[in-house]
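The values are calculated or read from the model by the stated rules, or taken from the named source; none is laboratory data. Everything quoted here is computed from the prediction, not taken from an experiment. Here Cβ is always computed from backbone atoms with ideal geometry, including for glycine, and neighbour counts include all displayed protein chains. Surface areas here come from the heavy atoms of the whole protein model, side chains and all, with no ligands, DNA or RNA. Shrake-Rupley method; radii C 1.70, N 1.55, O 1.52, S 1.80 Å.
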Amino acid sequence: MNQGYRWPLVGLHWLTLLLIVVAYVIGSLLEDMTLSPLKLKLYAWHKWAGMTVLFFLPLRLLLRLTERIDHAAGLLRWEARASAAVHGALYLLLLLVPLLGWLQSSAAGFSVVWFGVLPLPDLVGKDKALAEFFKELHEGSVNLLVTLVALHAAAALYHQHVRHDGVLARMVPWLRNKP
Amino acid sequence: MKTLFVLLMCLAPPVWAQDWKLDAGKSQVQFVIKQMNVSTEGGFRRFIVHASFDPAKPEAGRFRVDVDTASADTGSAEGDDEVKRPAWFDSKAHPWAIFSAKNVRREADGRYTAFGDLAIKGQSHALAAPFTLTRQGNAWLARGRFPLKRSAYGIGGGDWTDVVADDLEVRFNLVLLP
Ligand code: HEM
């Protein structure tokens, strides 16, 4: 029960959350801002944070696939299935949300230069209608991601405070070895 | 009658000087700026060209390009609105950016440099614009690019200096019909 994820995976998990929160907060601010130098800076930071999520994803998946934790232990069958489905969907959205943002930026004709130093290729040519289409999909996927993150966090808290089964501690090292 | 004819001949422009018409649909005046280190292309939707030259001897010709500063296409509607404001082009007070070539120098076959003045936002500076002139059917294509500094014309100062680079490039593709 006290087994936990290895620290690189734990680190990437919480780093991803931090980056998503940063990207989400900035993204929501951008919606209501009029153009200003600050807005251009926030656009850049939004894209940089989001692209970082995307860049870390392969490493995260690799680490995750080499874990030997028994996820179904102590769960009912539907619970095991539901958690596997939510985890799968979360990984898929960690891919789709930044990818759709990148597609939108490419189509809008505003390339991404990661942290101002690494120019990323445009995924599609400049096309206003396409940019609008990807914008809708980016927004939609973000909403789905946020909903699932909330569900995911609620489940973790349920494990910790109702089931007392140490599931949360796998991802929170400082909770381990506590009664 | 004869005197009148001679008088008219004197008033008319020299016979070699054709006035060329711009094929606006095939022509572009563009700029490449850098914001947050990202190169971004834009352009102008409306510009007028006055050109009169002999394709065999463009050095002796006259060229003038008037660009409607309110017609900038920055890639986003809010950008288009922004650059009309006083901090940028101040399009209400300065609707036109004008390049008029004073003379043209032949550099090589089909390659020329136009020397003249570029006036934007009430300020005028000397400019040398290299260009190539190539035949396209019965039209001629004048194509070139030159660097420019926003600060030289007071375009987009203030806080914008942090996020939009001072240096930019202007590109032009002008298809001229006889
Ligand atoms: C975890 C990653 C990301 C999250 C959580 C996220 C979140 C958001 C949110 C909440 C919005 C506002 C949506 C709305 O209009 O309702 C937004 C907009 C946007 N995002 Fe992202 N995003 C992410 C990654 C990216 C990436 C990687 C890029 C580009 C490379 C990007 C480009 C954009 C753009 C261009 C907008 C439109 C802003 C506007 O014009 O209003 N996003 N994003």
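Return the residue satisfying two criteria in turn: it lies in the stretch A:30-48 and is open to solvent by 90 Å² or more (accessible area, probe 1.4 Å) and of a type in the set (A, V, I, L, M, F, W, C), and of such residues it is modelled with the highest pLDDT. Among them, the one singled out is A:TRP45.
Being within 16 Å of the ligand (Cβ to nearest atom), more than 14 Å from chain B (Cβ to nearest Cβ) and either closer than 30 Å to B:ASP81 by Cβ or open to solvent by 30 Å² or more (accessible area, probe 1.4 Å) (or both) holds for only one residue in A:LEU76, A:LEU18, and it is A:LEU18. Just the residues that are more than 14 Å from chain B (Cβ to nearest Cβ) and not in a helix (DSSP H, G or I), please, taken from the stretch A:111-165. A:LEU123, A:VAL124, A:HIS164, A:ASP165 - these are the residues of the stretch A:111-165 that are more than 14 Å from chain B (Cβ to nearest Cβ) and not in a helix (DSSP H, G or I).
Please verify whether A:SER83 is among the hydroxyl-bearing types (Ser, Thr, Tyr), more than 9 Å from the ligand (Cβ to nearest atom) and more than 14 Å from chain B (Cβ to nearest Cβ), treating the condition exactly as stated. Taking the combined requirement at face value, the residue satisfies it. Going through (1) under 24 Å from A:ARG176 (Cβ atoms); (2) crowded, with 17+ Cβ neighbours inside 10 Å; (3) not small (Gly, Ala, Ser) one by one, A:THR66 falls short only on (2).
Taking residues in the stretch A:155-173 that are of a type in the set (Gly, Ala, Ser), and partners anywhere that are open to solvent by 50 Å² or more (accessible area, probe 1.4 Å), the pairs with Cβ atoms closer than 8 Å and at least 6 places apart or on different chains are A:GLY166/A:MET1; A:GLY166/A:ASN2; A:GLY166/A:ARG176; A:ALA169/A:ASN2; A:ALA169/A:ARG176; A:ALA169/A:LYS178. Residue count for the stretch A:94-110 under the criterion of being more than 9 Å from the ligand (Cβ to nearest atom) and either open to solvent by 60 Å² or more (accessible area, probe 1.4 Å) or in a loop (DSSP other than H, G, I, E, B) (or both): the result is 3. Which ones in the stretch B:137-170 are within 14 Å of chain A (Cβ to nearest Cβ) and either touching a Cys at 6+ places or on another chain (Cβ under 9 Å) or of a type in the set (Lys, Arg) (or both)? Hit for the stretch B:137-170 is B:ARG150, nothing else. Restricting attention to the stretch A:21-37, the residues that are within 14 Å of chain B (Cβ to nearest Cβ), within 14 Å of the ligand (Cβ to nearest atom) and not in a loop (DSSP other than H, G, I, E, B) add up to 4.
Restricting the stretch A:1-14 to residues that are open to solvent by 60 Å² or more (accessible area, probe 1.4 Å) and of a type in the set (A, V, I, L, M, F, W, C), the residue that is farthest from the ligand (Cβ to nearest atom) is A:MET1.
When A:GLN3 is tested against (1) assigned to a helix (DSSP H, G or I); (2) in contact (Cβ under 8 Å) with a residue 60 or more places away in the chain; (3) of a type outside the set (Ser, Thr, Tyr), just one condition goes unmet, and that condition is (1).
In the stretch A:111-127, what residues are within 12 Å of the ligand (Cβ to nearest atom) and touching a Leu at 6+ places or on another chain (Cβ under 8 Å)? A:SER111, A:VAL112, A:VAL113, A:TRP114, A:LEU123 - these are the residues of the stretch A:111-127 that are within 12 Å of the ligand (Cβ to nearest atom) and touching a Leu at 6+ places or on another chain (Cβ under 8 Å). Inside the stretch A:42-53, residues that are more than 10 Å from chain B (Cβ to nearest Cβ) and near the ligand (Cβ under 6 Å from one of its atoms) make up a count of 4. Quick check on A:LEU130: is it modelled with pLDDT of 95 or more, open to solvent by 60 Å² or more (accessible area, probe 1.4 Å) and away from the ligand (no atom under 11 Å from the Cβ)? Answer is no for this residue. Screening A:GLU139 with (1) farther than 22 Å from A:ILE20 by Cα; (2) modelled with pLDDT of 95 or more; (3) open to solvent by 60 Å² or more (accessible area, probe 1.4 Å) gives one miss only, at (1). Count of the stretch B:35-53 residues, restricted to those that are over 24 Å from B:ASP66 (Cα atoms) and either in contact with a Cys (Cβ under 6 Å, 6 or more places away or on another chain) or surrounded by fewer than 18 Cβ atoms within 10 Å (Cβ to Cβ) (or both), is 2. Only residues that are surrounded by 18 or more Cβ atoms within 10 Å (Cβ to Cβ) and either more than 27 Å from B:VAL38 (Cα to Cα) or within 14 Å of chain A (Cβ to nearest Cβ) (or both): list them for the stretch B:80-93, please. Result: B:GLU82, B:VAL83, B:TRP88.
Those strands (runs of 3 or more DSSP E) of the stretch B:84-178 in which at least 3 residues are over 18 Å from B:LEU22 (Cβ atoms) and small (Gly, Ala, Ser), considering only elements entirely within it, cover B:123-136.
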